[in-house]
């Protein structure tokens with residue numbers, strides 16, 4: 001059983017979470033994250049725990065960097081490559097059904113999942129797939145998200161611009177903004193540590209998601225699974 005002690009500033013949101021029943025999971029992945037931190041990187045993972053609960057929910061505590069990937073939201077907005085010229089992409093791993101395309105980082109709450117070392121299309125944890133829902137907590141702020149993108153195998157803890165914005169003011173503003181308040185370029189910021197991620201395997205949707213309903217459906221399903229983990233029916 002784990003000896004992980006969650007941060008006290010998140011205590012109220014975590015009431016009922018059975019950390020004492022969780023086990024360490026995917027030790028090889030945890031080692032990759034820890035080894036990356038030892039390289040002297042300026043953006044360490046600070047992965048303090050990688051656990052799995054008896055009901056299958058996967059948890060980790062880490063930093064959270066900004067993932068700007070995805071198409072532009074609309075007129076006057078920028079694409080992922082424009083928001084993050086160094087590594088941004090104009091698409092995400094998750095695709096809306098029926099040709100709906102990828103997820104705009106500015107408007108959709110998504111997190112990025114490290115990829116499997118051998119199959120870069122798969123998540124690092126065999127129970128997780130792109131499209132599963134998640135809960136992200138930082139201090140006393142909480143948001144529902146979707147596993148919407150796949151990131152490098154040795155880096156864990158990334159969230160879309162929208163996730164970072166929803167965690168403000170506890171989190172720094174992820175953007176340099178234009179006169180309209182739109183994101184013009186992402187800032188070189190991360191939440192340094194103690195961001196808590198809960199991912200719920202087997203929670204992905206079928207073809208029911210659209211650009212119009214995705215955020216509401218993510219919220220409904222993620223909080224339902226989170227409350228079940230807390231023992232709230």
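So what's the projected area for the stretch 1-110, the Cα convex hull averaged over all directions, in nm²?
Working: hull surface 39.8 nm².
For the Cα atoms of the stretch 1-110, the hull's average projected area reads 10.0 nm².
Based on the mean of other beta carbon atoms within 10 Å per residue, what is the order of 127-134, 71-78, most packed first? Intermediate values should be presented prior to the final figure.
Details: 127-134: 21.9, 71-78: 15.1.
In descending order of packing, they fall as 127-134, 71-78.
Given a cut-off of under 8 Å on Cα pairs at least six residues apart, what relative contact order in percent is computed for the chain? Present the calculation step by step, with values, prior to reporting the outcome.
Numbers: 537 pairs, mean separation 55.1, N = 233.
Worked out over the chain, it gives 24 percent.
Where does the Debye-calculated log10 I(q)/I(0) of the chain sit at q = 0.09, 0.11, 0.13, 0.15 Å⁻¹, using only Cα point scatterers of equal weight, no solvent?
Rounded to two decimals, the profile gives -0.34, -0.51, -0.73, -0.99.
Does the stretch 160-219 come out rounded, prolate or oblate by the C-alpha gyration tensor, with a ≥ b ≥ c the root eigenvalues, rounded set by a/c under 1.5 and, if not, prolate when a/b is larger than b/c and oblate if not? Walk me through the numbers before you get to the answer.
Details: a/c = 3.04, a/b = 1.45, b/c = 2.10.
It comes out oblate by the Cα gyration axes.
How tilted is helix 27-37 with respect to the longest principal axis of the chain? Cα atoms for both, answer in degrees (0 to 90, nearest 10).
Once rounded, one gets 60 degrees.
When the chain is modelled as a GNM with alpha-carbon springs shorter than 10 Å, which of 159, 88, 80 fluctuates the most?
Of 159, 88, 80, the Gaussian network model singles out 88 as fluctuating most.
Could you please rank 147, 175, placing first whichever residue has the fewest other Cβ atoms within 10 Å of its Cβ? Let's see the in-between values first.
On the way: 147 25, 175 22.
By the 10 Å Cβ count, ascending: 175, 147.
With axes computed from alpha carbons, what is the tilt in degrees of helix 214-229 against the longest principal axis of the chain, rounded to the nearest 10 within 0 to 90?
Around 10 degrees separate the two axes.
With a 10 Å cut-off between alpha carbons and a GNM built on the chain, which of 15, 166, 158 moves the most?
Of the options given, 15 has the highest mean-square fluctuation.
Taking only DSSP H segments of four or more residues, each worth -39500 (n - 2.57), what value at 222 nm results for the chain once the sum is divided by all its residues, to the nearest 500 deg cm²/dmol? Spell out each step's value before the answer.
Numbers: 4 runs with 37 residues, N = 233.
Dividing the helical sum by the residues of the chain leaves -4500 deg cm²/dmol.
Using a/c under 1.5 as the rounded threshold, could you call the stretch 1-52 rounded, prolate or oblate? The axes a ≥ b ≥ c are square roots of the C-alpha gyration tensor eigenvalues, and prolate needs a/b larger than b/c, oblate otherwise.
Working: a/c = 3.83, a/b = 1.61, b/c = 2.37.
In terms of gyration-tensor shape, oblate.
We did not get these values from a lab; they are worked out from the coordinates using the rules stated. Predicted model only: the values in this text are computed from it and were never measured. Reconstructed Cβ throughout: ideal geometry from the backbone, glycine too, with neighbour counts over all protein chains shown.
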